[in-house]
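Read the figures in this text as sums done on the coordinates, not as results from a lab. Please read all numbers here as calculations on a predicted model, not as lab measurements. In this analysis, Cβ positions are derived from the backbone assuming ideal geometry, glycine residues included, and neighbour counts consider all displayed protein chains.
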Amino acid sequence: DQQVKQNSPSLSVQEGRISILNCDYTNSMFDYFLWYKKYPAEGPTFLISISSIKDKNEDGRFTVFLNKSAKHLSLHIVPSQPGDSAVYFCGRQGGSEKLVFGKGTKLTVNP
Amino acid sequence: DAGVIQSPRHEVTEMGQEVTLRCKPISGHNSLFWYRQTMMRGLELLIYFNNNVPIDDSGMPEDRFSAKMPNASFSTLKIQPSEPRDSAVYFCASSRERAEAFFGQGTRLTVV
């Protein structure tokens with residue numbers, strides 16, 4: 001059972017505009033939600049995380065929002081840059097340290 | 001630190017052969033994860049260890065897959081016998097407790 005779902009396999013935006021990547025989860029018993037970015041032929045790299053006790057975390061151009069009532073989180077990238085083109089994985093980690101991910105969303109930022 | 005090191009980077013093998021993937025986690029990390037990436041299933045957790053002990057192997061697809069972590073600095077994922085549907089990119093990741101995981105560059109496995 002996939003407890004983290006990324007329903008959009010791909011997203012295309014123009015450079016300078018906002019990119020919004022979405023993720024839904026089915027179980028609230030987790031401490032952390034994380035976003036990873038993956039370029040082709042490389043391993044995923046950590047981008048940003050949010051604790052379940054918060055509803056927003058910001059790091060430069062990247063902001064993650066957590067809506068616990070809707071069991072939904074989103075990653076906002078503003079402004080989007082061509083170098084942001086990658087696959088983004090939403091993950092969640094509970095008290096047991098188990099770290100699971102969604103299927104990923106491929107973001108393409110067009111110049 | 002060199003990061004998580006996986007070997008080999010690429011592996012091509014014939015169906016029925018045994019395949020062993022290797023991982024050296026970052027020193028001081030006490031959790032180790034094995035993932036498989038495919039188009040259909042995304043980044044799928046196979047097994048993870050905490051302090052060298054397997055905690056959850058519910059993601060291991062079948063008995064042909066096995067993983068070991070004999071010490072804090074080494075882990076293996078073995079497939080025996082391998083099948084074409086095992087072709088994928090396999091990632092190893094490690095983390096400290098309550099911290100983000102760092103991934104290796106992956107092993108691209110092709111079973112023909």
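Database remark: amide H of A:Gly104 closer than 5 angstrom to the amide H of A:Gln6, A:Cys90 (H placed geometrically; neighbours at sequence offset of 5 or more, or on other chains; Pro and chain starts carry no H). Excluding same-chain neighbours fewer than eight residues apart, the lysines reachable from B:Lys24 by a Cα-Cα span under 23 Å are A:Lys37, A:Lys38, A:Lys98, B:Lys68, B:Lys78. Dipole magnitude for region A:1-87: computed about the Cα centre from +1 point charges on Lys and Arg Cβ and -1 point charges on Asp and Glu Cβ, it is near 140 debye.
Computed 3J(HN,Hα) for region A:95-104, one whole-Hz value per residue from the Karplus formula 6.51 cos²θ - 1.76 cosθ + 1.60 where θ = phi - 60°, is x, 7, 6, 4, 10, 10, 10, x, 7, x, glycine and proline marked x. Each residue of region B:55-95 gets 94 Å³ once the volume of the Cα convex hull is shared out per residue. Each principal axis of the Cα cloud of chain A was taken in turn, and the coordinate range along them, longest first, works out to 41, 28, 21 Å.
Note on B:Arg64 and A:Gln3: with the Förster distance fixed at 25 Å, the Cβ-Cβ geometry gives a FRET efficiency of about 0.50. Extension gain, A:Glu58 to A:Leu11, is 14.8 nm, computed as 0.36 nm per intervening residue step minus the present C-alpha separation. Does a label point 7 Å from the Cα of B:Ser87, set along Cα-to-beta-carbon, have any residues of region B:4-20 with amide nitrogen under 13 Å, and which are they? Within reach of a label on B:Ser87: B:11-15.
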